[in-house]
Amino acid sequence: MKPIHFLVNGKPLTPTGEATRRLLDILREDLGLTAAKPGCGIGRCGACAVWVDGRPTNACLAMAWQLDGCSVTTLESGDGDAAFAAVRDALARHGAVQCGYCSPGLMMTLTHAWRQEPRPDASAVLHMASGHLCRCTGYAGVRRAVQALFGEGADSDHPA
Ligand code: FES
Ligand code: FES
């Protein structure tokens, strides 16, 4: 079998084990990168979101063989990054975090939106965030944070 190579936070990785191993397990078990969380395991909750080639991706659904030649970015790479900090601060300031289990995945999606040019409006961002489920805080704080970051007009289809 051809070796698989990809980048994780800019560092080259040749994962061990089966080509069908999940990215989520490689990150958490092999690399100790635990920001991406195991949740539903079927692509429905967004807790495991990372970026693959810059796009939010559920790591529970991405298998090693699919990542050959790709660049994976996790929340751990965002330390000191102004965009991640802006999103983190907005979520905290607007009461969008309780246990925090859903927060890393949500941050990957919101930060992706924050870095886009042109930046999307709040309604569009809430639509993007609709794939992130929160079991304890609810969505009112997320809506407030998104409105603060991306502007008004967020009468979206987010399940708030
Ligand atoms: S654990 Fe990946 S989407 Fe829920
Ligand atoms: S803050 Fe607890 S699941 Fe969202």
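The values are calculated or read from the model by the stated rules, or taken from the named source; none is laboratory data. Just so it is clear, the model here is predicted, and its values are computed rather than measured. Because the Cβ atoms are built from the backbone with ideal geometry, glycine has one as well, and the counts that use them run over all protein chains shown.
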Scanning the stretch 25-46 residue by residue, those closer than 13 Å to Asn58 by Cβ, surrounded by fewer than 15 Cβ atoms within 10 Å (Cβ to Cβ) and of a type in the set (D, E, K, R) turn out to be Arg44
In the stretch 59-82, the residues that are polar (S, T, N, Q) and either within 16 Å of ligand 2 (Cβ to nearest atom) or more than 11 Å from the chain's Cα centre (by Cα) (or both): Gln66, Ser71, Ser77
Turns out the strands (runs of 3 or more DSSP E) fully within the stretch 1-99 with at least 1 residues that are within 16 Å of Leu110 (Cα to Cα) are 49-52, 55-58, 71-73
Take Val87 and decide whether it is crowded, with 23+ Cβ neighbours inside 10 Å, closer than 28 Å to Thr16 by Cα and either within 16 Å of ligand 2 (Cβ to nearest atom) or assigned by TED's automatic domain parsing to the domain that holds Glu18 (or both). no
Of all residues in the stretch 128-156 being surrounded by fewer than 16 Cβ atoms within 10 Å (Cβ to Cβ) and either farther than 21 Å from Thr57 by Cα or away from ligand 1 (no atom under 16 Å from the Cβ) (or both), the one that is modelled with the lowest pLDDT: Asp155
